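Structure first, then comments.
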Amino acid sequence: MSLDLERQLTFASNYGPFFELPSWLQIPYLELNLGTFAAITWGGLYLLLEPVAGGALALVCLAAAAGTNYLRLQDPIGTNQISIAVNVVSWIAQFVGHGKFEGRAPALLDNLFQAIFLAPLFVWLELLFMVGYRPELKRRVDKAVKIEIAKFREQQAKKVRKDRVVRITMDAPRCGDY
């Protein structure tokens with residue numbers, strides 16, 4: 001997914017710290033820059049939405065922020081170049097993949113908040129479901145996804161029917177055509 005948190009945090013970590021903490025409050029490689037703030041924000045949201053899985057993902061977010069801060073300090077230019085390249089390739093792959101396999105634009109065009117904040121949690125939960133995490137939640141999510149897919153397909157079918165009606169209407173002879 002092109003909204004890969006680690007790549008986004010690489011960009012955000014380039015901003016310097018918002019302010020300096022006392023030395024006894026500092027955590028190595030988690031200076032209070034935009035990347036760390038984003039990791040705390042995402043992690044906090046995930047923790048509120050799904051405490052167990054969200055707590056684990058919050059730790060992943062903080063580890064990703066620390067990792068990108070570390071890499072940025074070691075090789076800022078190389079880290080940014082790789083991050084930009086991977087980001088561009090991922091965005092292209094996302095649009096191509098959605099167009100080819102789903103026949104539609106990525107969901108980020110429908111709901112930006114959902115795409116930026118909730119999509120990573122959804123992917124994380126899908127991974128956890130594969131190893132047996134909360135099977136009752138998986139059943140509910142699968143059911144809701146099927147309903148949304150059915151709604152989407154019905155909307156697509158309505159568009160096709162509407163396009164056919166418009167095409168037939170435009171092809172029909174008009175009063176002055178005789």
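A short reminder: the numbers here are calculations on the coordinates, not readings from a lab. Note that the structure is predicted; figures quoted are calculated from it, not measured. Glycine gets a Cβ as well: all are built from the backbone with ideal geometry, and neighbour counts include every protein chain shown.
Residue separation of residue 118 and residue 49 scaled by 0.36 nm, minus their Cα-Cα distance, works out to 23.9 nm of gained length.
When peptides 110-116, 54-60 are ranked by their average number of other Cβ atoms within 10 Å per residue, the highest-first order is 54-60, 110-116. If you take all C-alpha pairs in region 27-80, what percent of them are over 14 Å apart? So the pairs more than 14 Å apart make up 52 percent of the total in region 27-80.
All other residues whose Cβ lies under 14 angstrom from that of residue 129 are scored, Lys and Arg at +1 and Asp and Glu at -1, for a net of +1. When both region 26-55 and region 83-137 are represented by their alpha-carbon centers, they are found 20 Å apart.
Tell me, what is the FRET efficiency for residue 139 and residue 59 to the nearest 0.05, using R0 = 22 angstrom and their Cβ-Cβ distance as r? Here the calculated transfer efficiency is 0.25.
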